[in-house]
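Engineer: I'd like to ask some things about the structure below.
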Amino acid sequence: MDDEERFREFVRNQWAPLLRTAYLLTGDRGTAEDLVQSALEKTHRRWTRILRTDAPEVYVRRVMVNTASSWWRRRRPIEVPLVASDGGAGADAYLQIEQRQQLLAALRRLPPRTQAVLVLRYFEDRSEAETARVLGCSVGSVKSQASRGLARLRLDFADTPPARLQEDPC
């Protein structure tokens, strides 16, 4: 199989996971698709060299994080404030969706590097060492960024009553 065919196969196999990661980094499906395409374009230019290191997944994720950070610096994301629910009686059928939206909004308020650490560590379920390798930093940096990011997320959710967070709509 030649390099071009290997790249096509890589894109076919990795598109969905890359798109999920990009969405978590950007918060918008259209922007996430642009991010994946941009990262794959940059990866394609160096594909032969990347194959020699045998780490295309790591390389493309690093490109995605760096590109998302660059885009974030150029244009600050528009924050859409979520209206806190009134805490009405009874089970809320949309609670899980509401919590997911709150989490994604809180994640987008974090600095880009902290976002990247949390997305790679907890949404992609990567180890600290893998996350450090993707981001090109030390394991200690990943640990401190994750700790600070989780603390900020906890503060964002401190205003939500604990019973409401644990309520099961089913």
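Engineer: What pairs come out if I take residues in segment 36-64 that are under 13 Å from T21 (Cβ atoms) and pair them with residues that are open to solvent by less than 30 Å² (accessible area, probe 1.4 Å) and of a type in the set (S, T, N, Q) whose C-beta lies under 9 Å away, six or more apart or interchain?
Structural biologist: Qualifying pairs under 9 Å: V36/T21; A39/T67; V60/T43; R61/T21; V63/S38; V63/T43; M64/T21; M64/S38.
Engineer: Can I ask one more? May I ask you to list the residues in segment 71-91 that are touching a helix residue (DSSP H, G or I) at 6+ places or on another chain (Cβ under 9 Å) and at pLDDT 65 or above?
Structural biologist: Hits for segment 71-91 are W71, W72, R73.
Engineer: Please specify each residue of segment 125-138 satisfying the condition of being within 16 Å of G149 (Cα to Cα) and touching a residue at least 24 places away in the same chain (Cβ under 8 Å).
Structural biologist: L135
Engineer: Moving to a separate point now. Of the residues in segment 94-124, how many are open to solvent by less than 80 Å² (accessible area, probe 1.4 Å) and in contact (Cβ under 8 Å) with a residue 24 or more places away in the chain?
Structural biologist: Qualifying residue count, segment 94-124: 20.
Engineer: For segment 6-25, how many residues are open to solvent by less than 80 Å² (accessible area, probe 1.4 Å) and closer than 16 Å to L51 by Cβ?
Structural biologist: Of the residues in segment 6-25, 5 are open to solvent by less than 80 Å² (accessible area, probe 1.4 Å) and closer than 16 Å to L51 by Cβ.
Engineer: Here is a further query. For A116, indicate whether it is under 15 Å from Y23 (Cβ atoms), at pLDDT 65 or above, among the small types (G, A, S) and out of contact with any Cys (no Cβ under 8 Å at 6 or more places or on another chain).
Structural biologist: Values: under 15 Å from Y23 (Cβ atoms): yes; at pLDDT 65 or above: yes; among the small types (G, A, S): yes; out of contact with any Cys (no Cβ under 8 Å at 6 or more places or on another chain): yes.
So A116 passes the test.
Engineer: Residues to consider are D3, D28; find the one that is modelled with pLDDT under 90, more than 19 Å from the chain's Cα centre (by Cα) and open to solvent by 20 Å² or more (accessible area, probe 1.4 Å). Show your work before the answer.
Structural biologist: Values: D28 fails: more than 19 Å from the chain's Cα centre (by Cα).
So the residue among D3, D28 that is modelled with pLDDT under 90, more than 19 Å from the chain's Cα centre (by Cα) and open to solvent by 20 Å² or more (accessible area, probe 1.4 Å) is D3.
The values are calculated or read from the model by the stated rules, or taken from the named source; none is laboratory data. The structure presented is a predicted model; accordingly, all values stated were derived computationally and were not measured. Cβ sites come from the backbone with ideal geometry, for glycine too, and all protein chains shown count toward neighbours. Calculation scope for accessible area: heavy atoms of the full protein, side chains included, ligands and nucleic acids excluded. Shrake-Rupley method; radii C 1.70, N 1.55, O 1.52, S 1.80 Å.
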